[in-house]
Amino acid sequence: MLRFALSAVGLLAVQAAAQCTREDLIAATDSLLAAQTAGTPDAVAPLADTVAYLESFKTADIATGILSHPLKIDFNRSLHDTTQCATYTEIIVTDRTHPYVLGTQMRFAEGKIANISTLVTDQGDWLFNATGTFYWASRENWDPIPEDQRDTREVIQAAADAYADLFNDKSVQVPWGHPCARLEGGAYTGTGSENDSCNVGVPSGVRLVNRRYVIDETLGAVDVFIDFATVPDSHEFRVEKGQLRFVHTLTVMGG
């Protein structure tokens, strides 16, 4: 019988080298979306015998967590990291009765999902507005980047790290793209202009630590789960030619 671990133990274990294909990971994120739509956690596949399940970076019961609630998904996008055997999925639900924006990282060990970690944002979380999030996210272009134009994993991660490091060190040089647009909750810095900028100010003296990456060179993207001071946070980046193009954030204020 499937057992879901009651602690975050196992995250480091699933960092170990493993082999997986992009097709494997796409099938897994497809199963996640189907499970969330139906409210049937056991439909996520392929699951390891023991799975660490977390919500807002805290251990939780998958049987009663967000995956057990059927949701009508209006928008989704997934990253697939074949080097780490990991995925990230952004899910937007605009249902007026209870809108959500979710971000889920899944990590594999020996070909099976061993860790599922979800950030659940809804009313009361930082700048939450699912309708606004849907409007802007659905208009952005995150198409696959032609193979001969793709950045390396190292370049993609370095761009994300520079952005995150800026919160605690204003001397950091961030590779801002021109244009660049940031979606923070439902607030958007872009207008569709070539002058759109993500360099619109960030807090000072805040260390963004315990970073957990999912990197997808095909999409030029990386998601980073971060301890943002004392709250759970996700920063997702689209990087084009070494520069930031889009930034999406999720911050759980009640975490």
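Worth pointing out:
- Test: Asp151 is touching a residue at least 40 places away in the same chain (Cβ under 8 Å) and either hydrophobic (A, V, I, L, M, F, W, C) or assigned to a loop (DSSP other than H, G, I, E, B) (or both): yes
- Odd one out for Leu127, checked against (1) assigned by TED's automatic domain parsing to the domain that holds Cys85; (2) in contact with a strand residue (DSSP E or B) (Cβ under 8 Å, 6 or more places away or on another chain); (3) not in a loop (DSSP other than H, G, I, E, B): (3)
- Qualifying positions in the stretch 58-75 - under 10 Å from Gly39 (Cα atoms) and touching a strand residue (DSSP E or B) at 6+ places or on another chain (Cβ under 6 Å): Gly65, Ile66, Leu71
- Residues that are assigned to a loop (DSSP other than H, G, I, E, B) and of a type in the set (Val, Ile, Thr) within the stretch 190-224 comprise Thr191, Val200, Val202, Val206, Thr218, listed in sequence order.
- In summary, Thr50 fulfils each of the numbered conditions (1) among the polar types (S, T, N, Q); (2) in contact with a helix residue (DSSP H, G or I) (Cβ under 7 Å, 6 or more places away or on another chain); (3) farther than 27 Å from Val239 by Cβ with the single exception of condition (2).
- Matching option when the condition is within 16 Å of the chain's Cα centre (by Cα) and either crowded, with 20+ Cβ neighbours inside 10 Å or modelled with pLDDT of 95 or more (or both), among Leu219, Leu166: Leu219
- Residues that are charged (D, E, K, R), more than 22 Å from Gly220 (Cα to Cα), without any contact (Cβ under 8 Å) to a residue 24 or more places away in the chain and assigned to a loop (DSSP other than H, G, I, E, B) do occur in the stretch 154-171, at least one of them.
- Only listed residue being polar (S, T, N, Q) and out of contact with any strand residue (DSSP E or B) (no Cβ under 7 Å at 6 or more places or on another chain), chosen from Thr50, Thr82, Thr87: Thr82
The values are calculated or read from the model by the stated rules, or taken from the named source; none is laboratory data. The model shown is predicted, which means the values in this text are computed figures rather than measured ones. Neighbour counts are summed over all protein chains in view; Cβ atoms, including those assigned to glycine, are modelled from backbone coordinates with ideal geometry.
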